Each structure stands twice: as structure tokens, then as C-alpha cells.
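Since the structure comes first, as C-alpha cells, the remarks are kept for the end.
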Amino acid sequence: MNSTLKETEKTHEGCTKALIPVRDALDILSGKWKLPIIIALSFGNRRFSQLAKQIPGITDKMLSKELRELEMNQLVKRTVYDAVPVVVEYSMTTYGKTLEKLIEELQAWGTLHRKRILKKSK
């Protein structure tokens, strides 16, 4: 049975059990650049230069590092096409697409939070 936070027993052990998978997810998605890369790729396949243009402020070195990590975690696929010059394209894997609902929830929560905070500051 797949347990959710609501179903987890409210004990120290239950807290630890709930925290481990959350930490795993945050370790994979943490940092300034991973979610912007994932979101850009959720709109379709991109070449390296297209991603670099879509994500303001990211350096080529950092984009390359983050793409390697996302590929290592099976969220992103790198495809090299035999052309002259060589064409490299990045896309979300089927597994990576399972993050779609999570990102939609983060977007919804972030929108509500932004409204709440901006309302308080007026």
C-alpha cells in the first residue's frame, strides 16, 4: 500500500518514514536550475542552446551539469542525431513526465502564496 502523509501515523517513526521520500525528491529537484530546466522541457524537446536561451542567467557549464544529473536520475533523455554538425536534443523521459502533477501543484501553491504575501504587504 502506498502511504500518504495524511495516512502516516503521527509518531516519530511515522515522521521519519514520511521525511525520507520527501528528502529524496528534494535532493533530486533541489537547486536553482533543475525545475526551470524540467519546466522548459515539459513544453517539448529542446537543443542545448534553446534551453540556455529559455533559462535566463544559467551558464552553459551549469546547464550541462544539471542536464547530466537529470539524465542520471532518468528524468531527462539526451539524444544525439547523426548529422553535420551533430545535433543533440534533450527531452523528458516517461518517468520525468510523472513530475507533471507535482509541478502543477507547486505552481498552484506558489500562485496562492504570492497573492497572500503581496496582499499582506499592501
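Just a few scattered comments:
- Length gained when the stretch Glu105-Arg78 is fully extended (0.36 nm per residue, less Cα-Cα span): 7.0 nm
- Reachable lysines from Lys115, criterion Cα separation under 23 angstrom, eight or more residues apart if same chain: Lys32, Lys101
- Over the chain, accessible surface divided per residue gives 80 Å², non-protein components excluded, 1.4 Å probe.
- Apportionment of accessible area to carbon and sulfur, the chain, percent (1.4 Å): 58
- Full extension of the chain between Leu35 and Lys61 yields a length gain of 7.7 nm, computed as 0.36 nm times the residue separation minus the alpha carbon distance.
The values are calculated or read from the model by the stated rules, or taken from the named source; none is laboratory data. Quick caveat, the model's predicted, so the values are computed rather than measured. For the accessible areas, the whole protein counts, side chains as well, though only heavy atoms, and no ligand, DNA or RNA atoms are used. Shrake-Rupley method; radii C 1.70, N 1.55, O 1.52, S 1.80 Å.
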